[in-house]
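One structure below.
The values are calculated or read from the model by the stated rules, or taken from the named source; none is laboratory data. Values in this document were obtained by computation on a predicted structure and should not be read as measured data. When we count neighbours, we look across all protein chains shown, and the Cβ atoms used for this are built from the backbone with ideal geometry, even at glycine. For accessibility, only protein heavy atoms count, side chains too; no ligands or nucleic acids. Shrake-Rupley method; radii C 1.70, N 1.55, O 1.52, S 1.80 Å.
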Amino acid sequence: MPGSVAISRPCRLAATDFLRDTDVQTEELVALLDLADEIKRSPGGYTSALGGRSLVLMFEKPSLRTKLTFELAMKQMGGGSVFLEGPIGVREPLKDVARNLDRWVNGLVARVFLQSTVEGLAQWSRVPVINALSDLYHPCQALADVLTIKEHFGTLDKVKRVMKLLGMVNATPDYEKHPIVINGCSELFVELWGEDNGKGVRSAVGMGSLPNNVAVEIEAMFEIHQ
């Protein structure tokens, strides 16, 4: 039936919000990746999956990929989105912002300068809040990276262990939280492959700029099962 949704594997997350890389547990992560893979392979079956639902995209900083992909995903799955750009919680307290928006939309997506901003929204919002980038975490990007690994190897079981993880953070000279940013991705790998195999040598460096002004670039080296 055109426009029907046929989810072969239900995906329900215990956490209401997605603020950090590790807000999803291993079993949830695997199910989420399977669902994402299924939607990419058969998009026609999900054209009404989000019918009647809407997101507000609240961006304190510029974006190309994050903004467009959220907007396109909502549109292609039958939902809608509203875009707001500018400081969050300045003209009005975070509590008021969250409590107003959660009356009108089904979810909040925030791209912010400070992790405390997205956590404050989650504290007061009665609908899910998604972190689209903060100074400490970029969980949606981390999930996209893992999905790319899965698509490339066919299965995450192909990875024997993580050997090295290098993070390059687009930041000003006075920024000192580079390791924390990369640790989020590393912790996600540990969720997938365990403490012994998921945590390799880690390093993080600050960069004055990155191609296309992206916030973070991650390079990973894996040992693969033959």
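Rank these residues by their accessible area, most exposed first, probe 1.4 Å: His178, His152.
His152, His178
Roughly how many nanometres apart are two label points built 7 Å out from the Cα toward the Cβ at Asp157 and Glu92?
So the two model labels end up 5.1 nm from each other.
Among the aspartates and glutamates, select those whose C-alpha is under 12 Å from the C-alpha of Lys164, and discard any that sit fewer than 8 residues away in the same chain.
The reachable aspartates and glutamates, counting only those whose Cα sits under 12 Å from Lys164, are Glu219, Glu223.
Can you work out ³J(HN,Hα) from phi for every residue in the range 173-183, in order, using Karplus 6.51 cos²θ - 1.76 cosθ + 1.60 and θ = phi - 60°, giving whole Hz and x for Gly and Pro?
x, 8, 6, 10, 9, 3, x, 5, 4, 6, 4
Provide the gained length on full extension for the span Glu27 to Met221, in nm with one decimal, where the gain is 0.36 nm per separating residue minus the Cα-Cα distance.
Stretched out fully, the Glu27 to Met221 stretch lengthens by 67.5 nm.
Once the whole set of protein chains is in place, how much accessible area is left on Leu64, using a 1.4 Å probe, in Å² to the nearest 10?
110 Å²
How many angstrom lie between the Cα centre of the range 40-76 and the Cα centre of the range 77-101?
Here the two parts' Cα centres lie 16 Å apart.
What order do Ser186, Ser48, Ser209, Ser63 take when sorted by accessible area (1.4 Å probe), most exposed first?
Most to least solvent-accessible, the answer reads Ser209, Ser48, Ser63, Ser186.
Give me the net charge for the shell around Met207: Cβ to Cβ below 13 angstrom, other residues only, Lys and Arg +1, Asp and Glu -1.
So the environment of Met207 carries a net charge of -2.
Which trypsin sites (Lys or Arg not before Pro) in the range 149-186 sit in a loop by DSSP (not H, G, I, E or B) and have at most 15 other Cβ atoms within 10 Å of their own Cβ?
Details: sites: Lys150, Lys158, Lys160, Arg161, Lys164, Lys177; in loops: Lys177.
Of the trypsin sites (Lys or Arg not before Pro), the ones in loops of the range 149-186 whose Cβ has at most 15 other Cβ atoms within 10 Å are Lys177.
Would you mind computing Rg(Cα) / (2.2 N^0.38 Å) for the chain, counting N as its residues? All intermediate terms of the calculation are to be shown ahead of the outcome.
Numbers: Rg = 18.0 Å, N = 226, 2.2 N^0.38 = 17.3 Å.
In units of the globular-protein estimate, the chain measures up at 1.04.
Sequence neighbours fewer than 8 away in the same chain don't count; with that in mind, list the aspartates and glutamates whose C-alpha is under 15 Å from Lys61.
Glu85, Asp135
For Met163, Met221, give the ranking by accessible area with the largest first, probe 1.4 Å.
Met221, Met163
Residues of the range 115-159 with amide nitrogen under 20 Å from the 7 Å Cα-to-Cβ point of Asp34?
143-159
Determine the calculated [θ] at 222 nm for the chain from helices alone, applying -39500 (n - 2.57) to every DSSP H run no shorter than 4 residues and normalising by the residue count; nearest 500 deg cm²/dmol.
On the way: 6 runs with 82 residues, N = 226.
The helix-only estimate for the chain comes to -11500 deg cm²/dmol at 222 nm.
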